[in-house]
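Participant: The structure that follows is given in the form of structure tokens.
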Amino acid sequence: MTSPYGTAGELVSALGRAGIPCSVTVSNTRQNGSSDADCTAAINGVPFENEISVFGPPVTREEIGTSVDHRRGEGQTLVAAGSWYVYVRNPVFAPQIAKALDGVVLPGKEIPVRSYSLPAIPASPRFDTVQQLAEALDGAAGCTDRQESGSGQLTCRTGTKIGRTPNCATLQLHSDEAARNKAISTEISHPDVPASLVTAGNWTVNLCDYSLANQVARALGGVVVAYDGK
């Protein structure tokens, strides 16, 4: 499928003309003519993030196909056409993005989940909103620069209240125990990618600063699930 868009900026403009303005947070243009942009849009009041990738003329269709297959293999839902694709972080909105850009939806592939014996996870505490979870984390290890995604996740920076270098955390609430355990198992299923999560009840906190895990677990009444990447 051919496409009239040659840069990430043109795709952002097209979304705006279609009634889905997307606020750019990061943009980059390389010497080979390829460009990228991260932007946040909203549909029906729900914000969601998008990662736009546009390939310059030197890139072959085989290379584009390889990139698309890799992203879909990571479970990412893409909207694509010609020499570009958009990773729609909340796949619920992929059809609207495809309609706006005259692209096609390429669903992400199911990520294989490795067998892993989880520790006993307490049934409580539970949180009604991810914002409440963020407040609890803030009191334990800091949770500043908060950003919510349309998928129900919240990211923030930790460490600011205890003198450590600020670092990242991803917070999420889950509908039930099975959904929570599947999310945990997915996070610890990537070879060579260590992970450290704190969890209990209906929530998980995925920490970039692993040294905070035990402290956060004590403060929030959760347990640590650690994976060394092997």
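The values are calculated or read from the model by the stated rules, or taken from the named source; none is laboratory data. Predicted, not measured: the structure shown is a model, and the values here were computed from it. Cβ sites come from the backbone with ideal geometry, for glycine too, and all protein chains shown count toward neighbours. Ligands, DNA and RNA are stripped out before the accessible areas are found, and what is left, the full protein with its side chains, is counted by its heavy atoms. Shrake-Rupley method; radii C 1.70, N 1.55, O 1.52, S 1.80 Å.
Participant: Is it the case that the range 181-190 has a residue that's among the basic types (Lys, Arg), open to solvent by 50 Å² or more (accessible area, probe 1.4 Å) and assigned to a helix (DSSP H, G or I)?
Facilitator: Here is the first cut: in the range 181-190, the residues among the basic types (Lys, Arg) are 182.
Next, only the ones that are open to solvent by 50 Å² or more (accessible area, probe 1.4 Å) stay: 182.
Filter once more, so that each one left must be assigned to a helix (DSSP H, G or I): 182.
For the range 181-190, residues among the basic types (Lys, Arg), open to solvent by 50 Å² or more (accessible area, probe 1.4 Å) and assigned to a helix (DSSP H, G or I): present.
Participant: Look through the range 191-230, keep the residues that are among the hydrophobic types (A, V, I, L, M, F, W, C) and open to solvent by 30 Å² or more (accessible area, probe 1.4 Å), and return whichever of them is nearest to the chain's Cα centre (by Cα).
Facilitator: Applying the first criterion (among the hydrophobic types (A, V, I, L, M, F, W, C)) to the range 191-230 yields 193, 195, 197-198, 200, 203, 205, 207-208, 212-213, 216-217, 219-220, 223-226.
Subset that is open to solvent by 30 Å² or more (accessible area, probe 1.4 Å): 193, 208, 219, 223-224, 226.
Details: VAL193: 16, CYS208: 14, ALA219: 25, VAL223: 23, VAL224: 21, ALA226: 20 Å.
Per the stated criteria, the residue is CYS208.
Participant: Here is a further query. Is it the case, given these coordinates, that VAL205 is in contact (Cβ under 8 Å) with a residue 60 or more places away in the chain, closer than 13 Å to ALA140 by Cβ and either not in a loop (DSSP other than H, G, I, E, B) or not hydroxyl-bearing (Ser, Thr, Tyr) (or both)? It would help to see each step written out before you state the result.
Facilitator: Working: in contact (Cβ under 8 Å) with a residue 60 or more places away in the chain: yes; closer than 13 Å to ALA140 by Cβ: yes; either not in a loop (DSSP other than H, G, I, E, B) or not hydroxyl-bearing (Ser, Thr, Tyr) (or both): yes.
So VAL205 fits the description; yes.
Participant: Now for a different question. Given (1) of a type in the set (A, V, I, L, M, F, W, C); (2) within 20 Å of THR186 (Cβ to Cβ); (3) in contact (Cβ under 8 Å) with a residue 60 or more places away in the chain, where does LEU78 come up short, assuming only one miss?
Facilitator: (3)
Participant: Just a yes or no: is a residue in the range 103-126 within 30 Å of TYR5 (Cβ to Cβ), among the small types (Gly, Ala, Ser) and in contact with a helix residue (DSSP H, G or I) (Cβ under 8 Å, 6 or more places away or on another chain)?
Facilitator: Restricting attention to the range 103-126, the residues satisfying the condition of being within 30 Å of TYR5 (Cβ to Cβ) are 103-111.
Subset that is among the small types (Gly, Ala, Ser): 103, 108.
From the residues that got through so far, the ones that are in contact with a helix residue (DSSP H, G or I) (Cβ under 8 Å, 6 or more places away or on another chain) too are 103, 108.
Yes, the conditions are met somewhere in the range 103-126.
Participant: Which members of the range 185-218 meet the condition of being at pLDDT below 90 and either closer than 21 Å to PRO125 by Cβ or among the acidic types (Asp, Glu) (or both)?
Facilitator: Of everything in the range 185-218, those that are at pLDDT below 90 and either closer than 21 Å to PRO125 by Cβ or among the acidic types (Asp, Glu) (or both) turn out to be GLU187, ASP192, ASP209.
Participant: Filter the strands (runs of 3 or more DSSP E) completely within the range 99-180 down to those with at least 2 residues that are modelled with pLDDT under 85 and open to solvent by 70 Å² or more (accessible area, probe 1.4 Å).
Facilitator: On the way: elements: 104-106, 144-148, 153-158, 167-173.
So the answer is 144-148.
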